[in-house]
Amino acid sequence: MREMDALMSKWDVFVSPAPGSASLLITNLTGHPAVCVPCGFLKGLPQSIMFTGGLYDEGAPLRVALAFERATNWHTMHPKMDWA
């Protein structure tokens, strides 16, 4: 927790890919607030981006995630379901 807190003291929000990243595991272990939002598609599958904030600062990653959603339209798109 101390190492992650020291790292996060340099930034307001840390941005990382959500799937396949160690960031999700780390935040689950350290208690740092994080939010994932859609950011596109790769080979037809939805992808997401994660915004992580400092300890007890839930507002910062939520504000950045909201700004990202307002600047993009990924949250309105859905994968094709023509295989069903």
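Worth pointing out:
- Segment 22-49: number of residues that are exposed (fewer than 14 other Cβ atoms within 10 Å of the Cβ), out of contact with any strand residue (DSSP E or B) (no Cβ under 9 Å at 6 or more places or on another chain) and under 24 Å from Met1 (Cβ atoms): 3
- Test for Phe68: is it of a type in the set (Phe, Trp, Tyr) and at pLDDT 95 or above: yes
- Subset tally (residues that are out of contact with any helix residue (DSSP H, G or I) (no Cβ under 7 Å at 6 or more places or on another chain) and more than 30 Å from Met1 (Cβ to Cβ)) for segment 50-84: 14
- Qualifying residue in segment 72-83 (condition: surrounded by 14 or more Cβ atoms within 10 Å (Cβ to Cβ), among the polar types (S, T, N, Q), under 13 Å from the mean Cα position of the chain (by Cα) and not in a helix (DSSP H, G or I)): no
- Test result for Gly20, on the phi > 0 side of the Ramachandran plot and not in a loop (DSSP other than H, G, I, E, B): no
- Filter pass, Pro19 being surrounded by 15 or more Cβ atoms within 10 Å (Cβ to Cβ) and either over 26 Å from Asn73 (Cα atoms) or of a type outside the set (D, E, K, R) (or both): no
- Scanning segment 18-36 for residues that are over 14 Å from Pro61 (Cα atoms) and touching a helix residue (DSSP H, G or I) at 6+ places or on another chain (Cβ under 8 Å) yields Ile26, Thr30.
- Check on Ser9, at pLDDT below 90, polar (S, T, N, Q) and crowded, with 17+ Cβ neighbours inside 10 Å: no
- Boolean, Pro19 is touching a His at 6+ places or on another chain (Cβ under 7 Å) and closer than 26 Å to Met81 by Cβ: no
The values are calculated or read from the model by the stated rules, or taken from the named source; none is laboratory data. Predicted, not measured: the structure shown is a model, and the values here were computed from it. Here the Cβ is made from the backbone with ideal geometry for all residues, glycine too, and neighbour counts use every protein chain on show.
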